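Worksheet: one structure, shown below.
Coordinate-derived values only; no laboratory data. Quantities reported herein were computed from a predicted structural model and do not represent experimental measurements. Glycine gets a Cβ as well: all are built from the backbone with ideal geometry, and neighbour counts include every protein chain shown.
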Amino acid sequence: MFDIEYEFSEEDLVHFNELQFMRNEEIQQDIRKNRWIVPGVMAIIGSFYYVYYGDWQTSAYILLIALLWALLSPKVMLLDLHRQVLKSYSEKEKNAMFGKYKLSIDPQNAGYLLEKSPSGSHKMAWNELLRVEYGKRYVYIYINLTTALVIPLKKVISGDLEKFAEQVEIMIDRNA
């Protein structure tokens, strides 16, 4: 029997949503546009002030604001994402989501991944799980394209995460 127990927190939820956000090509394209088009227009306006009015101070201020916009706007967007993610869940949902999780692969009941979480016990059929993905600080077991069990490496309480993840991959492949 393979078991793993870990703690899931707000930080982990925000990290997963940030990962999904950064992988979305449409959003990345919007960030690039916002990061370069707005400062480009501001640079043109600053150049206009310098050339037409000879006002180098105003031009320098506008160019400084454009540079700060280009450097800081992606970070501000991520901070806003963090706020939106946490705001999108009620306190009841957060209480049911955050806390200790226990995942089990039971040889007697090999058709399911068993999950015990703050919201209760759940069985997930292997053929419903998509894949296991490894990150620097996390292991993700994808339930669908946008939802995963997020296992933080540093918050594993018991069990061997590496062996567990390998076994989950084997079970997913076997039942695909």
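In summary, the lysines within cross-link reach of Lys100, defined as a Cα separation below 27 angstrom excluding same-chain residues under 8 places away, comprise Lys87, Lys92, Lys116, Lys123, Lys136, Lys154, Lys155, Lys163. For Rg and Dmax of the Cα atoms in Å, the value calculated from this model appears in [x] 23.2, 81; [y] 17.5, 53; [z] 21.1, 71 under label [x]. Glu25 to Thr58: FRET efficiency via 1/(1 + (r/R0)^6), r the Cβ-Cβ distance, R0 45 Å, to the nearest 0.05? E(calc), rounded to 0.05, equals 0.75.
About the centre of its Cα atoms, region 17-87 shows a dipole size close to 160 debye [charges on the beta carbon of Lys, Arg (+1) and Asp, Glu (-1) only; nearest 20 debye]. Only helices enter this figure: runs of n ≥ 4 DSSP H residues, each worth -39500 (n - 2.57), summed and divided by the residues of the chain, yield -17500 deg cm²/dmol at 222 nm to the nearest 500. The charge dipole of region 76-176, taken about the Cα centre with unit charges on the Cβ atoms of Lys, Arg (+1) and Asp, Glu (-1), comes to about 420 debye, rounded to the nearest 20.
In this label model, His122 and Val38 are separated by 3.6 nm, measuring between points 7 Å along each Cα→Cβ vector. Descending by average beta-carbon neighbour count within 10 Å, the peptides 84-90, 124-130 line up as 124-130, 84-90, the highest first. Amide H contacts for Gly135 (H built 1.01 Å from N in the peptide plane; partners 5 or more residues away or on another chain; cut-off under 5 Å): Tyr140.
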